[in-house]
Each structure stands twice: as structure tokens, then as C-alpha cells.
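Okay, so here's the structure we're looking at.
No lab work stands behind these numbers, since they all come straight from the coordinates. Keep in mind the model is a prediction, meaning the values are calculated, not measured. Every residue, glycine among them, receives a Cβ derived from its backbone with ideal geometry; neighbour counts consider all protein chains shown.
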């Protein structure tokens, strides 16, 4: 039997059997978004959706994460499938009837969809248990959005017996129903920093008596852009963005301090380790030249999301068999966004996959992000097929 024949009708089967339940779960999660590790209600909803299935359940992983294990017919390898559960501190503006009921919180990155997709895959694979020559571990992870929940789960040892691992992400900009991945780096290392600029405050009318932290900070923001444009090889991807700046309490007072917050994205580990030193040298040189100083607090956050070559080719083959060759995309380049599935991939060979939700969909991390829920059964079918093909 060919791979395509093996998956014939799988998308329709998942849609007909679990489609409505996935949509209902997604909307329930969407109404009550939770941030970081504080995903207790979301975890409770997932556990309710898994009730009665032949699973070994481990709760309280990384505070509110869940690991559900489905043991197949033979003592074969263990395949991991992972979804993230947390939301973002964004005020929703979609106008959906099931929009967030929690002020200032929203599922603006599709994690409600990822969680519902994985629940659908659990149900589908439980119904195919006798076909599995091994086991499947389903990881429901909190704190993807900056909390490093993936690292905590991995450090707690729940993936120690996993031989391969896969995850997907709903992706605006790709045609609906297509799926894409690549071998090697698919997402960048995502690091963060905060900088405190210190000077001498005073009256806005007498700047010569001060060391103006706002003026110093403005010079630093401009100069930091030259680290990428003038110190990084032009063919080597890198991003340095200042996303936060704060100072002052009144229009006529020069403040004692100013604060900058930013992110650095890289694909090369040597460059990643070199940039903090240059940020500090450049910022301090400017600040001291203007009679102030600057202190840097740098956090190496998420590593490069690095797909295993064999796992990526395995995923592309499954996508092609399930969705058709015309809906299978081998990416030419990675994206500079970050993803903490990288911590799983540091330990276990696997692949991260983008699932297209449309070219005209509002982008991730925006207050208007929404997607067609018809993608849910397609995603569940894809995760199901990845596990089946790995274990049969």
C-alpha cells in the first residue's frame, strides 16, 4: 500500500468524526485566553476533551502542561506531537461571536487552534491504536510566548523516551490548506535585552546642567542599527529591533534614566554570541561620550528552531500524500520569528511545519488575527498521518 493510499479519506474522516468537537473546543479556549504558565483553565478543557480515551495522563508538567501517552500494539519507538496553549497580552478586535471575554488577552497566534488540532489527532489515533507499532506522546505545552515552557517540559524529562517529534503552526501568508517545512533552520534564535541609560536629570530649560538620558537613548537606538547593516555579513540573516523605549514624567523635566527594550534574531550561533558584547560596547561608548552610562541585561532566550533533515523529508512526504503535491511547499528560507519548539528539537530529531490559513489573513500577534476553522481537521489529519507513518 502506498503512503497516499494509506491516508486516503483521512481528512474527511477526521472532519466528519471530530470536526465539530474541535471547533467547539477551539472557541471555548478562545473565549478564555490565558497567559504564560497560567493555563489552568485551558488544561482543564483539554483534559475534559480527552476524558474516556485509553491514555496515560501526566498533569502539572511545567506547572499546567499535560502529557498524554497512547500505547500502541507493539513495543516500538515513541513519536511526540506537541501543541502550545498560551495566549498573548493583546486586546482582541476581531468582532467574532466567541471573541475573548478577558480584557487585554487574546489568542492572536493560533495556539487555541493548535491545541484543538492536537486533541483531534489524539481522538483519531486512539481509534487507530491497533495500527501503531509503538507509542505516541501528546505534549500540551504552556508558556510558548516568551516563557520557555518547552524548555521546562524537556528539562522535566517528559520527552526522554521520544525518538522523533513534530509540531505545526497556523501560518498567514501561505495559501489555505498548504503545508510547508524545510530541513535545517526554519525559525531564528530569539533573544531579548533591556538597557538602562543613566545620566543626570534636571530642568528642561537648562540642559547644559544635565546629562540628557533621552538624547543619549535616541543616539543609541540609531547607532544599534549599524550593528546589522555594518558589522554582519550582508548574506547572513540578522535582526535587531528596539520595541520599547521609556523615560520621563513631565514635559519640562530631563529624567535621570531611560529604558530600552529590544530583540535580536539570528540563525548563526557564533553571531548570536557575539552581538551582546557589541551592543554593550556601542551603547556605553555613546553614553559615556555624552556624560552618561548604559547598563545591558541580555537574555539568550529561544535557540534556532532546527529541523532534522530526515524528519523534514519525512514530513514533506506525508504532506504530499495527504494534501497533494500541489499543496506541499519546501521552504527556500527560514523565518526570523522565534519558536520554543526549538527546545524539543535540540534534544530530539523532528520537524516544525507551517500550515497555511490564507494569504489575506491578518498576521500573527495582531488584534484582528482570525482563521477559517476548516483548517482544524486538516491540521489534525496531518499530525495523525505523521504519527501513523512513523509507527506503521
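When a/c reaches 1.5 or more, the comparison of a/b and b/c decides; with that in mind, is region 189-302 rounded, prolate or oblate per its Cα gyration tensor? Write out the running numbers ahead of the final one.
Values: a/c = 2.74, a/b = 2.25, b/c = 1.22.
Prolate shape, in that a/c is at least 1.5 and a/b is the bigger ratio.
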Item checked: Residues of region 199-214 with amide N under 18 Å of a point placed 7 Å along Cα→Cβ from residue 297 -> 199
Next item on the list: Among (1) 21.6, 63; (2) 23.4, 83; (3) 23.4, 74, find the value of Rg and Dmax of the Cα atoms in Å that was calculated from the structure presented, and write down its label.
Entry: (2)
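Report, for the chain, the % of DSSP beta bridges that are antiparallel, rounded to 5. Write out the running numbers ahead of the final one.
On the way: 47 of 70 bridges.
Expressed as a percentage, antiparallel bridges in the chain total about 65.
Please order 251, 193, 300 by the number of other Cβ within 10 Å, starting at the fewest. Walk me through the numbers before you get to the answer.
Values: 251 6, 193 22, 300 14.
By the 10 Å Cβ count, ascending: 251, 300, 193.
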Check: What ranking, highest mean first, results for peptides 349-356, 223-230 when packing means the other Cβ atoms within 10 Å averaged over each residue?
Finding: 349-356, 223-230
Item checked: Fluctuation leader among 337, 243, 379 - the chain, Gaussian network, Cα springs under 10 angstrom -> 243
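If you wrap a convex hull around the C-alpha atoms of region 268-392 and split its volume per residue, what is the figure in Å³? Don't skip to the answer; put the middle values down first.
On the way: hull volume 20.5 nm³, N = 125.
That works out to 164 Å³ per residue.
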Next item on the list: Grab the DSSP H runs of the chain that are 4 residues or longer, score each as -39,500 (n - 2.57), total them, divide by all residues and round the 222 nm result to the nearest 500 deg cm²/dmol.
Entry: -11500 deg cm²/dmol
Check: What is the chain's relative contact order, in percent, from Cα pairs under 8 angstrom and six or more apart in sequence?
Finding: 25
Next item on the list: At q = 0.13, 0.15 Å⁻¹, work out log10 I(q)/I(0) for region 104-217 with the Debye formula, treating every Cα as an identical point scatterer and leaving solvent out; two decimals please.
Entry: -0.75, -0.91
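With a/c under 1.5 counting as rounded, go ahead and sort region 2-118 into rounded, prolate or oblate using the C-alpha gyration tensor (a ≥ b ≥ c being the square roots of the eigenvalues; past the cut-off, prolate if a/b is larger than b/c, else oblate). Walk me through the numbers before you get to the answer.
Numbers: a/c = 2.35, a/b = 1.46, b/c = 1.61.
Judged from the Cα gyration tensor, region 2-118 comes out oblate (a/c at least 1.5, b/c at or above a/b).
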Check: Over region 31-117, what relative contact order in percent results from Cα pairs under 8 Å that are six or more residues apart?
Finding: 34
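Multiplying the sequence separation of residue 161 and residue 71 by 0.36 nm and subtracting their Cα-Cα distance, what value in nm do you get?
Numbers: separation 90, 0.36 × 90 = 32.40 nm, distance 1.28 nm.
Gain in length upon complete extension: 31.1 nm.
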Check: Taking the mean number of other Cβ atoms within 10 Å as a proxy for protection, how do you rank 61-71, 266-276 from highest to lowest?
Finding: 61-71, 266-276
Notebook entry, point to check: Which angle from 0 to 90°, rounded to the nearest 10, does the C-alpha axis of helix 213-231 make with the longest principal axis of the chain?
Noted result: 50
Next item on the list: Compute the long axis of helix 111-126 from its Cα atoms, compare it with the longest principal axis of the Cα atoms of the chain, and write down the angle in degrees, 0 to 90, nearest 10.
Entry: 20
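Given contacts defined as C-alpha pairs under 8 Å and at least six residues apart, what's the relative contact order of region 189-302, whole-number percent? Write out the running numbers ahead of the final one.
Details: 223 pairs, mean separation 50.8, N = 114.
Taking the mean separation of contacting Cα pairs over the length of region 189-302, I get 45 percent.
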Next item on the list: Place a label point 7 angstrom from the Cα of residue 133 along the Cα-to-Cβ direction, then list the residues of region 58-91 whose backbone nitrogen is under 20 Å away.
Entry: 70-81
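Taking the Cβ of each residue in 249, 301 as the centre, tally the other Cβ atoms inside 10 Å and list the residues starting with the fewest. Intermediate results must be reported in sequence, preceding the final value.
Numbers: 249 7, 301 19.
Going from least to most buried by this count: 249, 301.
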Notebook entry, point to check: Where does helix 375-391 land angle-wise versus the long Cα axis of the chain, in degrees 0 to 90, nearest 10?
Noted result: 70
